[in-house]
Structure formats: C-alpha cells, structure tokens
Amino acid sequence: MLRHLFFFLIALFAHNAWAAWPADRPIHLIVPFPAGSSPDLLARQVAEPLSQALKQNIVIENKPGVGGNLGTRFVARAPSDGYTLLYTINGPLVTAPTLYKKTLGYDPAADLAPITLVATSPNVLVLSASLQINSTAEFIERARARPNVLNYGSVGAGSAAHLAMELFKQQAGIELLHVPYASFPQITTAMLAGDIQASFMVPAIAMPQAKEGKLKVLGVTSRLASASLPGVAPLAAQGFEGFEAISWHAMLAPAGTDPAILLRLQQVLSEILATPPIKDKFSAQYFSAVGSTAQVLRELMQTEKKRWDEVMTRLNLSLD
C-alpha cells in the first residue's frame with residue numbers, strides 16, 4: 001500500500017510540474033549581467049539542455065545593472081508561476097542586502113526560492129609582473145615595508161574582489177590602496193601597464209595572461225581549487241588558515257513557486273550538470289559544475305552572508 005502511495009505522489013508531482021508549463025509559452029531565464037559575461041556564458045550552456053529536457057522554449061534575458069541587483073529584483077517581483085527563473089552569482093544574493101539596505105528592493109531569503117547551486121570557482125590572487133614578486137610571502141613583505149604605496153584594483157566597493165582583498169589585508173596585516181574600475185578587462189589593462197599592482201580575479205580572466213608571463217598568480221582562494229589550476233597553492237595552505245573566497249552561480253525562482261516545479265528543475269539541472277560535456281565546458285571557464293539540493297544552496301547563502309557581513313561591518317561599508 002505504501003509503495004503504491006509513493007508512486008502515486010511522484011506521478012502527481014510530475015503531473016503538476018508539467019501542467020504548469022504549457023508548450024505555447026516560453027520560460028524566461030533572467031541573467032542580471034551583460035551578454036558575454038561569465039554568468040551569461042554558463043547560463044547559455046545550461047539553458048539548451050534544460051530546454052530539451054523540459055520540452056519547453058527557454059529565452060535568456062540579460063537585465064544588467066547595479067551589480068546584478070536590477071535583474072534579481074525583477075525576478076523577486078515576478079509572478080511565481082514557473083515562467084520566470086533567475087541565473088545569478090553570489091553578489092546579489094549575499095552582499096547586496098548589506099550594501100543596499102535602503103534601496104535594494106528585495107530580500108533574497110524571503111523573495112527568492114533556491115533551486116540549485118550550479119557551479120563554483122575559486123578566485124586567484126594576481127600581481128603585476130612588473131613587481132617581480134614570485135610568492136605570497138614576498139608580496140606581504142614588500143607591502144609591509146611600503147604601507148599604502150602598493151595598490152589593488154576591483155570592480156567597485158563591495159564587489160567580490162574588493163571584499164576578498166580586504167579580508168586578505170586584515171589577515172596579512174598589510175595596507176594597500178583600493179582603486180575601483182568599471183570592469184575586469186580594465187583592471188587587467190591597468191595591471192599590465194603597471195598602474196596597479198594586485199587584484200583578486202576569477203581564473204578565466206587571469207590565467208590566459210599568467211600563462212604568457214604577463215601576470216603572476218600567487219595563490220587560489222579555496223582548498224577546493226579547480227583541477228585546471230595545477231601548481232597554484234591555496235592561500236589557506238600559505239599561512240591563511242580558513243581563507244575562503246569563492247565565486248558561485250545559482251539558479252532560483254520567485255518565492256511561492258510550486259514546490260513541484262522547483263523539485264523538477266532541481267532534478268533535471270543536477271542531471272545536466274553531471275554530464276561530461278557540461279562539466280568540460282564549465283571547466284574550460286575554470287568553474288566546477290555542481291548541481292545541489294535547494295537546501296544546500298540556502299545554507300550556502302546563509303554562510304556566505306555571515307562571512308562577508310563581518311567584513312563589511314568592519315569596513316562600515318554601505319552604498320546607499
């Protein structure tokens with residue numbers, strides 16, 4: 001009897017999930033970053049097999065602005081009918097609520113329903129080759145000898161690169177000047193010119209220049225370093241115990257979306273992310289495909305928020 005009830009409930013869930021997506025109406029996947037950005041590129045890798053698995057058209061819409069907050073707010077306020085989904089990075093989910101307490105316009109924990117953690121990538125500590133420094137210890141020694149002379153770039157106050165470097169500065173006991181830029185390509189150009197000396201970057205941006213000897217990679221920000229970063233030691237193994245600053249991608253829906261739809265999406269996405277073609281495509285961008293339960297993503301959001309709230313509180317950082 002229990003076995004029959006179990007299969008009945010599974011069938012009912014599947015029916016409800018399929019019934020919510022009529023074939024004549026596409027699902028809109030909102031990416032709150034520009035076309036060609038890392039989240040946009042990986043979202044497109046996932047969208048095609050997801051469309052095939054669900055037998056639904058999926059339309060990707062880029063809605064950039066305010067570090068991903070505008071597009072995220074759009075999804076948070078969208079109808080919870082399964083037709084609007086969000087593919088985003090950690091910033092709008094973790095640091096934005098503290099940076100924009102007055103103007104954010106959404107609460108990630110209350111207004112969005114986690115589906116799955118899609119992918120993770122470590123960041124790398126990168127120096128300008130003009131410094132002729134070959135180790136993290138040497139960089140710290142130079143910075144201590146010249147406080148507030150060396151500088152570092154980020155894509156703005158509160159960005160992942162900014163917060164990671166502030167955490168690094170605190171643990172290393174050094175002082176560096178912060179120089180904000182509009183984009184990582186601008187940061188890369190400035191580093192190649194020697195205008196700035198350091199930055200935390202995603203490997204996909206840093207490694208091509210590092211392989212040509214134009215930038216120096218000193219360490220990676222996670223013990224779960226990508227297999228495509230051989231020879232790059234985690235900062236946690238270089239005297240920075242517990243140092244962790246990862247970039248991650250996730251998929252969510254408006255809060256109140258039918259649990260059957262959320263479960264169906266989570267299951268299908270996990271299957272897609274486990275396939276060798278997707279894993280290889282993600283690895284080429286220095287990301288590890290994950291595929292998790294909604295609860296794992298929810299707990300990651302909570303843990304990451306606590307970690308970076310402590311840094312932002314110490315900096316008394318607010319952008320509104």
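Laboratory data are not the source of any read-out in this text; all were calculated from the coordinates shown. Note that the coordinates shown come from a computational prediction; the quantities given were computed from them, not determined experimentally. Because the Cβ atoms are built from the backbone with ideal geometry, glycine has one as well, and the counts that use them run over all protein chains shown.
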- Wholly within the stretch 74-162, which strands (runs of 3 or more DSSP E) include no fewer than the required count, namely at least 3 residues that are in contact with a Gly (Cβ under 8 Å, 6 or more places away or on another chain)? 84-89, 112-122, 124-128
- Item | Residue ID - surrounded by the most Cβ atoms within 10 Å (Cβ to Cβ), chosen from residues in the stretch 128-182 that are of a type in the set (Asp, Glu) and under 15 Å from LEU235 (Cβ atoms) | GLU166
- Do you know which residues across the stretch 30-61 are within 17 Å of the chain's Cα centre (by Cα) and under 23 Å from PRO276 (Cβ atoms)? SER38, PRO39, ASP40, LEU41, LEU42, ALA43, ARG44, GLN45, VAL46
